[in-house]
Amino acid sequence: MPAILLLVVLDLGATWVITHKLDIASWMLEDIFWMMVLGQVLLLALFAWVVVSGVRSGLRGVNHLSEAIRQRSADDLQPLEAAGLPTEMTPLVARTNELLSRLEASMAAQRRFVGHAAHQLRTPLSGLKLESELMLARPLPEDVRIRAERIKSVTDRMIRLGQQLLVLARADPGVRPQDSFERIDLCEWVRLAGAEWLARTRAAGIELELNAPDEAVLIDADVLLLGELLGNLIDNALRYGTGATRIGLQVGANPPSLSVEDNGAGIDEQEQQRVFEAFYRAPGATAGGSGLGLAIVREIAHAHGAWWKLASRPDFAGTRVTVVFPGPRIGAQLTRERGG
């Protein structure tokens, strides 16, 4: 509106100048005609420029909002910014933010339910495991011992499942795990965390190796979640790396990365795209499990803004899972738009 009013003022000003300041008595009618045509062309050009500029200015905020929505991850339910938008768009953004708020509250309730349910199950399951271990410590008839061992095995699996559900709830991007990030040396951390698996790998007859650079590789991470990520990768290699004699841990410096590989039978090519799905287990899998191990790896990597890659036969002799982390400066200010 101010620009249109300015055009009207300019038009009136030009008319006043022509009628009061110019001597048009000697002008021919053709001269007056062409002057009027030129004036109208200039006025239309200015008007078109004002309209186009006004429309672009009004849509600039809408385009920014559209780009911000496009860059968001599916888990980001934070309110949309209404600054810079046309007044007519404000009610739409406000209603959209109310919907996002309700969705966030619903998802938070689901996460709390999963976390509380998993936590409440730990006590009775731990008691059941203790009772089965006490039974197995005493002389028992063979059929009773088989049933007690089966009870203990199932209880261990349910306790493990509860722990995995708790990790999934903690790794959910909606709870902002980035708030607990701390800067660590990935090389030193993998040395310490991998050492905890030496006894189990030796008992399985598998050699655990570490290949890391001498200089520090810094990342920003949640140490507890990172421990679950490494533990699930090693446990997965132990369970499903049929015929493996070696498990390798490799730390890369540029970009920061962590790889866990084994020289086992590998994963069928048609199964490689599905093993990261929650509760999915390959039809030929013989080892027990809930199918959550690699799904947890995916969620933890996503929470750290990292990406992951699986390599197996025929490209790699065995199975290798690589997680590539962002640099520490990016990780310290990580947003969910960068995750995944």
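The values are calculated or read from the model by the stated rules, or taken from the named source; none is laboratory data. Only a predicted model underlies this, so the values are computations on that prediction, with no experimental measurement involved. Every residue, glycine as well, gets a Cβ built from its backbone with ideal geometry; the counts of neighbours run over all protein chains shown. The accessibility values were calculated without ligands, DNA or RNA, using every heavy atom of the protein model including side chains. Shrake-Rupley method; radii C 1.70, N 1.55, O 1.52, S 1.80 Å.
Couple of notes before you dig in:
- Every residue from segment 153-175 that is in contact with a Lys or Arg (Cβ under 6 Å, 6 or more places away or on another chain) and modelled with pLDDT of 70 or more: T155, G162
- Filtering segment 87-94 for residues that are at pLDDT below 80 and surrounded by 11 or more Cβ atoms within 10 Å (Cβ to Cβ) leaves a non-empty set.
- Picking from residues in segment 233-250 that are open to solvent by 10 Å² or more (accessible area, probe 1.4 Å) and touching a Phe, Trp or Tyr at 6+ places or on another chain (Cβ under 9 Å), the one that is farthest from T322 (Cα to Cα) is L238.
- Criterion applied to Q178, Q120 was being modelled with pLDDT under 85, open to solvent by less than 50 Å² (accessible area, probe 1.4 Å) and either part of a helix (DSSP H, G or I) or over 30 Å from L103 (Cα atoms) (or both), and the one residue passing it is Q178.
- With respect to the stated conditions, E269 fails to be out of contact with any Pro (no Cβ under 8 Å at 6 or more places or on another chain) and either open to solvent by 10 Å² or more (accessible area, probe 1.4 Å) or over 26 Å from P326 (Cα atoms) (or both).
- Residue within segment 255-262 that is under 29 Å from V154 (Cβ atoms), touching a Leu at 6+ places or on another chain (Cβ under 8 Å) and at pLDDT 85 or above present: yes
- In the set (1) at pLDDT 90 or above; (2) over 21 Å from D156 (Cα atoms); (3) in contact with a Lys or Arg (Cβ under 9 Å, 6 or more places away or on another chain); (4) aliphatic (A, V, I, L, M), A265 fails one condition alone, (1).
- Of all residue pairs spaced 6 or more apart or on separate chains, those with beta-carbon atoms under 9 Å, a first member in segment 209-222 that is closer than 18 Å to I300 by Cα and surrounded by 20 or more Cβ atoms within 10 Å (Cβ to Cβ) and a second member that is β-branched (V, I, T) and at pLDDT below 90 are D220/I330; D222/I300.
- Only residues that are in contact with a strand residue (DSSP E or B) (Cβ under 9 Å, 6 or more places away or on another chain) and under 13 Å from L258 (Cβ atoms) were counted in segment 219-228, giving 3.
- Hey, L224 closer than 18 Å to A311 by Cα, under 22 Å from the mean Cα position of the chain (by Cα) and not in a strand (DSSP E or B) or not: no
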